[in-house]
Amino acid sequence: MEAEEAEDDPLLALASTVHTPHARTDCAGGELPHISGPPTPQIFLHHFLLPSRPAVFTRCVAHWPALHLWTHAYLREALGEQLVHVALTPDGLADAASLHARLPCGTQCFARPCEVTMPFSSLLAALESPSGGGRPVHYASHQDSSLEAEFGALCADVEPSVRWADEAYGSRPAAANLWMGEDAARTSVHADLFDNLYVVVRGTKRFTLLPPQEGSLLGRRPYRSASWILASEFPDGSDSECGFVLQPDTPAAYVPWTTLDLERDGASLQPIRATVRAGEMLYLPALWWHAVSQEADKGEGCDPSTIAVNYWYERPTVQL
């Protein structure tokens, strides 16, 4: 990697220093292994956490009431008019340099979602309405300890942390969050600074991964940052697809990102794939590149949303 590249993209530079000796050796056919759990704190620490080795664990949360309680009917009763943060986008891609993310001059940009607060009942009504037809894609994905701050009525149905992980890290998670959205909501490829223990409660999540040191293959470069704004609130009354316009951030700022759709167009990079179903937990170490999509359960009586809970843990300073 060029020194200039590293200076322009500190995350890419940091990820390139991570040593992941087992990045691909565990992945038969390019799929992340499913491991019957829960692991002991010692096994998790030495076989997964310290070597930065992702895996999907099964049988870790079978005792959670949420797995059978969290229907839309139950959630509507439990949360009612509780205000929650919701990300709105025209195409389901928040924090992305997508095809739709172009400024009026035609320049492609990095677009943040329009984040609003709405009653939880309104979120459910949107998720239960037909997709398309010009309505925004809705995704409750706020990460500032949203499980307790916004969905506190549900805390008794899960756990505040993962006990064996608490022991391995020597601390409780820095935050716990609830994620709820529709099939169209996707996350473009990025990397996080915290370790992630991600539990699917309803539906299925699909993660497409690249080891940290392979980030240079993504073609990241700086894009002018902007935010989706509801057209009805835009000063000049402009209109756009799904009722949004893009407003450039001021003062002008640039975000390193990639336009590559790793899940759909990244086959040449041989990504590692992980399918996480209800009742399963993904361990995703910090600085692994990943894109995420989701699919609600299908069939009569199934609710049209996918729900997950995640725990952000700060990595220990000791490394292998």
Normalised Cα Rg of the chain, dividing by 2.2 N^0.38 Å with N its residue count, works out at 1.00
Roughly how many nanometres apart are two label points built 7 Å out from the Cα toward the Cβ at Cys155 and His63? 1.9
Per q in 0.21, 0.25 1/Å, what log10 I(q)/I(0) does a Debye calculation on the alpha-carbon atoms of the range 114-203 return? -1.22, -1.50
Find the percent of Cα-Cα distances in the range 186-320 that exceed 26 Å, and round it to a whole number. 42
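So, by mean Cβ neighbours within 10 angstrom, what's the order for 304-310, 27-33, 258-264 with the highest one leading?
Highest mean packing first, the order is 304-310, 258-264, 27-33.
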Measuring from label point to label point, each 7 Å out along Cα→Cβ, what is the Ala253 to Arg24 span in nm? 3.6
Please calculate the 1.4 Å probe accessible area of Ser36, with all protein chains present, and give it to the nearest 10 Å². 80
Computed lengthening from Ser121 to Arg206, 0.36 nm per intervening residue step minus Cα-Cα distance: 27.9 nm
Sequence gap at least 6, Cα distance under 8 Å: using those rules, report the relative contact order of the range 122-259 to the nearest whole percent. 23
Per its Cα gyration tensor (rounded if a/c is under 1.5, else prolate when a/b beats b/c, else oblate), the range 1-89 is best filed as oblate
Cα centroid distance between the range 108-148 and the range 242-320, in Å? 15
Cα atoms only, the range 57-159: Rg and Dmax in Å? 16.5, 54
Where GluC sites (Glu not before Pro) fall in DSSP loop in the range 61-170, at most 13 other Cβ within 10 Å: Glu81, Glu128
Kindly provide the helix-only [θ] at 222 nm of the chain, computed as the sum of -39,500 (n - 2.57) over DSSP H runs of four or more divided by all residues, to the nearest 500 deg cm²/dmol? -3500 deg cm²/dmol
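The values are calculated or read from the model by the stated rules, or taken from the named source; none is laboratory data. A quick note: this is a predicted structure, and the numbers were derived from the prediction, not measured. Glycine gets a Cβ as well: all are built from the backbone with ideal geometry, and neighbour counts include every protein chain shown. All accessible areas refer to the heavy atoms of the entire protein, side chains included, with ligands and DNA or RNA removed. Shrake-Rupley method; radii C 1.70, N 1.55, O 1.52, S 1.80 Å.
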